[in-house]
Amino acid sequence: MACFGDVPLGGVLELAARVVDDAECAAAAAVVEERSTGRSWAEIGVAARISEGQARARWGGARSAQRLSARVPAPWAGRPCGTPGGSGKATGLDRRARRAAVALGRALRTLHEHSQVGLDALAVDAGMPVFAVRRVMEGQFVVSWAATYTLAHLLGGQPGDLRLLWESASKSVPRRPDPPRLGRHLAAGLRGARLAAGYPAAAALCIPAFTEEEAEAVFDGRLVPEWSVLCDVLHRLGADPEPFKSLWAAHRASRNRRP
């Protein structure tokens, strides 16, 4: 305990209490997640090395949910994706958000695979637990934009390329740039979709009537194609065209308004 020699006893006890609370909340969150996937109380008891009744008493009922909902989230914290609404049925928006969360995770994995950053080092630099970073990359967690930005930056990527994916995954109100920046914002979304697809070469996309240089121009923001061509590119990337629709329309309208 020498490392606490200069810390008042009250501070040490407060830190210890927070550590205990963190551990209990982490356990409760894990149990809630496992129960949502159909894991039985008996299986949870075996995992925790306690009886089924003890597991149910410790984490069952409304107590755990109330404790988690009352907890002040960490700065990096987001929400698990794919949680259905109160009706128990996922809406089209929920399904689109889940798909976007998976795509966002794939984009971050692509950046990670091309970086020299280890997962542990990434977590430390981002100020996030390793398990949280792993869940984000698996598409199971959607964290704040600040945390997503930090991860992309630390992995050597352009955070703005992931903005459109993050907006869809978090069901946030889209951020629309000024008209002169609409084309660049659209291109950034395309680069995010390309990352989510593993970053294939432009030539591999085989865009009809486009040379490889013109295809690269689409991703660079130097060329905004017709909507039908853009949809074809997105389908070849396995991306959802819907988040791009209003952005493309706004760009086309701003271009038509120019004198």
field: Residues of the stretch 123-180 satisfying the condition of being of a type in the set (Ser, Thr, Tyr) and over 9 Å from the mean Cα position of the chain (by Cα)
entry: 149, 150, 168, 172
- prompt: Just to be sure, is residue 233 surrounded by 19 or more Cβ atoms within 10 Å (Cβ to Cβ), farther than 22 Å from residue 100 by Cα and at pLDDT 85 or above?
  reply: no
task: May I ask you to verify whether residue 204 is open to solvent by 20 Å² or more (accessible area, probe 1.4 Å), assigned to a helix (DSSP H, G or I), touching a helix residue (DSSP H, G or I) at 6+ places or on another chain (Cβ under 7 Å) and of a type outside the set (Phe, Trp, Tyr)?
output: no
message: Condition first: touching a Pro at 6+ places or on another chain (Cβ under 6 Å) and either over 16 Å from residue 185 (Cβ atoms) or open to solvent by 40 Å² or more (accessible area, probe 1.4 Å) (or both). Can you find one or more residues in the stretch 222-230 that meet it?
response: no
statement: The condition of being under 29 Å from residue 124 (Cβ atoms) and in contact (Cβ under 8 Å) with a residue 12 or more places away in the chain holds, among 170, 254, 246, only for 170
- request: Out of 192, 157, 198, report the one residue that is surrounded by 21 or more Cβ atoms within 10 Å (Cβ to Cβ), not polar (S, T, N, Q) and not in a helix (DSSP H, G or I).
  value: 157
statement: Taking the stretch 160-184 and keeping only residues that are touching a Phe, Trp or Tyr at 6+ places or on another chain (Cβ under 9 Å) and either under 17 Å from residue 97 (Cβ atoms) or part of a loop (DSSP other than H, G, I, E, B) (or both), one is left with 162, 163, 164, 166, 167, 170, 172
- request: Determine if the stretch 51-72 includes at least one residue that is modelled with pLDDT under 90 and in contact with a Pro (Cβ under 8 Å, 6 or more places away or on another chain).
  value: no
task: Select, from 209, 202, 188, 193, the only residue that is without any contact (Cβ under 8 Å) to a residue 60 or more places away in the chain and in contact with a Leu (Cβ under 8 Å, 6 or more places away or on another chain).
output: 188
- line: Inside the stretch 108-147, the number of residues satisfying the requirement of being in a helix (DSSP H, G or I), closer than 18 Å to residue 167 by Cβ and small (Gly, Ala, Ser) is 2
- prompt: Taking the stretch 207-221 only, how many residues are open to solvent by 60 Å² or more (accessible area, probe 1.4 Å), assigned to a loop (DSSP other than H, G, I, E, B) and not hydroxyl-bearing (Ser, Thr, Tyr)?
  reply: 2
- prompt: Is it the case that some residue within the stretch 241-256 is open to solvent by 20 Å² or more (accessible area, probe 1.4 Å), assigned to a loop (DSSP other than H, G, I, E, B) and at pLDDT 85 or above?
  reply: yes
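The values are calculated or read from the model by the stated rules, or taken from the named source; none is laboratory data. Keep in mind it's a predicted model, so treat the numbers as computed, not measured. No Cβ is skipped: glycine too gets one built from the backbone with ideal geometry, and neighbour counts run over all protein chains shown. Ligands, DNA and RNA are excluded from the accessible area calculation, which covers all protein heavy atoms including side chains. Shrake-Rupley method; radii C 1.70, N 1.55, O 1.52, S 1.80 Å.
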